[in-house]
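Read through the structure below, which is laid out as structure tokens, and then see the notes.
The values are calculated or read from the model by the stated rules, or taken from the named source; none is laboratory data. What you see is a predicted model, and the numbers here were worked out from it, not measured in a lab. Here the Cβ is made from the backbone with ideal geometry for all residues, glycine too, and neighbour counts use every protein chain on show. For the accessible areas, the whole protein counts, side chains as well, though only heavy atoms, and no ligand, DNA or RNA atoms are used. Shrake-Rupley method; radii C 1.70, N 1.55, O 1.52, S 1.80 Å.
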Amino acid sequence: MATRTRSEMLTLWRNILQAGGPRAYIDAQLRERGFLVQRRDADSMSERELKRYKEELRAESQEKRRLEREAWQAYRASHIVHLGENVYFNDADDWDRWDLADAEERRAENELPPLDNPAQLAEALGVSVGELRWFAYHRDAAESVHYRRFTIPKGRSGEERAIWAPLPRLKEMQRWILREILEKLPVHGAAHGFLAGRSILTNAAAHTGSRLVLGMDLKDFFPTITLPRVKGLFRKAGYREQVATLLALLCTESPREIVQHEGKTYYIAMGPRCLPQGAPTSPGITNAICLRLDRRLAGLAAKQGWRYTRYADDLTFSIPAKGGACGSLQKVLGGARAIVEDEGFTIHDRKTHVARSGGQQKVTGLIVNGDGPPRVPRELRRQLRAAIHNVEHGKPLREGDFPQRMVGYAAFVHMTDPELGGELLASFKKLC
């Protein structure tokens, strides 16, 4: 059987549907091509007639099997069929009990693109249905994945953070999902991470002039947001079972170990699919999923006379220096923990800290003491100047002070102090 193009396979499937389905199409083709054998009583046949009858039946069976394979290929060209181990998918375009009753209205409210089936999603993403299946397919043990793994240092602790960056084609698809869907979903005003016009500076500025600052951290933030939660987000946005499943798979991946066995490289899933740190969609998904968390924590803070913001997995509460009576620290701590756990997250106890006005109050790396704008810690400015001095005089940088990191810190300073930051950046560019 000659290989057909994707366009020819799609045309063939339309012809199959017009014929009334695969069985009706195959019967019609057998009849039209002269392969359909009228069944007769073989007992009354002569030996020669019986031999010829068997040959006709054999030819019909061979042609039928060929047409069945052809019909199956046409079906696969226009349907997802299967998405891998332990992933439920139903190609039947029917109602699912978990779909929203008003899904289309909800989608229109959010001004999202109308994607009613996998074929429409594939067209929007600029891929075929087969390619869409390939990008979304899950394997526990895979010989290749759509991500590139590398590590970056975690602060000055010496630990490393694993980053799984999507390869170009998947990254392009994720950027479409981010631009056309995720950026249109509602986000709470307390969220400051990865949003246009907001930053660590706006997050810190909300807590200047505080009597007390409470910082909390969500443990294993991205791994906590697994495939079912992401799928639920897309459903809540107004997409039904099929499209929501595919979108969730495109935005998640299992944490994996890279293993060598008998000369082959395998990527072994070490847990459920979750948000990969490095995908452009991951921050947008967290902000949308945390809408209710932010509402509840902001409500708790307001009730106690506190302020609240969130930057990614960093939660910050503060008591204004000027104001009336406020709820106790224990009430806010206990209330926040209960809400966070109820929303499916966990507080990282070792990263919970309290800073009063008599000491240094730091929010997302910036000092917020007093009524002035947030500023970079003095020790960081000294560190940068010392690094420049060392390079200028041929001295080695301190451990961890490699040039790329210093340039990043200089850009950090530039955000709050453009004049000083500009000088530092210019110096590093000359030296590096």
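The smallest convex shape that holds all Cα atoms of the range 333-432, its convex hull, gives 148 Å³ per residue.
Give me the percent of the accessible area of the range 89-161 that comes from carbon and sulfur atoms, probe 1.4 Å, all protein chains in place. Please list the in-between numbers first.
Details: 2020 of 4500 Å².
Its accessible area is 45 percent carbon and sulfur atoms.
Surface composition of the range 239-375: carbon plus sulfur atoms hold 51% of the accessible area, using a 1.4 angstrom probe and ignoring ligands, DNA and RNA.
For the chain, what is the accessible area per residue in Å², given a 1.4 Å probe and the full set of protein chains?
Numbers: 23700 Å² over 432 residues.
For the chain, the per-residue accessible area is 55 Å².
Taking the C-alpha atoms only, the angle from helix 6-19 to the longest principal axis of the chain is near 60 degrees.
Helix 227-237 axis versus longest C-alpha principal axis of the chain: approximately 90°, rounded to the nearest ten. I need the shape label for the range 269-390. Rule: rounded when a/c is under 1.5, else prolate if a/b > b/c, else oblate, with a, b, c from the alpha carbon gyration tensor. Here the range 269-390 falls in the oblate category.
Counting other C-beta atoms within 10 Å, and keeping those with at most 16, which DSSP coil trypsin sites (Lys or Arg not before Pro) do you find in the range 14-96? Working shown, then result.
Values: sites: R14, R23, R31, R33, R39, R40, R48, K51, R52, K54, R58, K64, R65, R66, R69, R76; in loops: R33, R39, R40.
Answer by residue number: R33, R39, R40.
For the range 31-96, just say rounded, prolate or oblate: build the C-alpha gyration tensor, square-root its eigenvalues into a ≥ b ≥ c, call rounded for a/c under 1.5, and beyond that prolate if a/b exceeds b/c, oblate if not. It is prolate, given that a/c is not under 1.5 and a/b is the larger ratio. Towards the positive end of the charge dipole of the range 252-398, with charges on Cβ (+1 Lys, Arg; -1 Asp, Glu), say which of I339, G278, H353 has the farthest Cα. Going by the Cα projections, it comes out as H353.
Sorting the segments 222-228, 98-104 by their mean number of nearby beta carbons within 10 angstrom, highest to lowest, gives 222-228, 98-104. Please work out whether the range 140-269 counts as rounded, prolate or oblate from its C-alpha gyration tensor, where a ≥ b ≥ c are the square roots of the eigenvalues and a/c under 1.5 means rounded, while otherwise a/b larger than b/c means prolate and anything else oblate? Cα axes put the range 140-269 in the oblate bin. The accessible area of H261, taken with all protein chains in place and a 1.4 Å probe, comes to roughly 100 Å².
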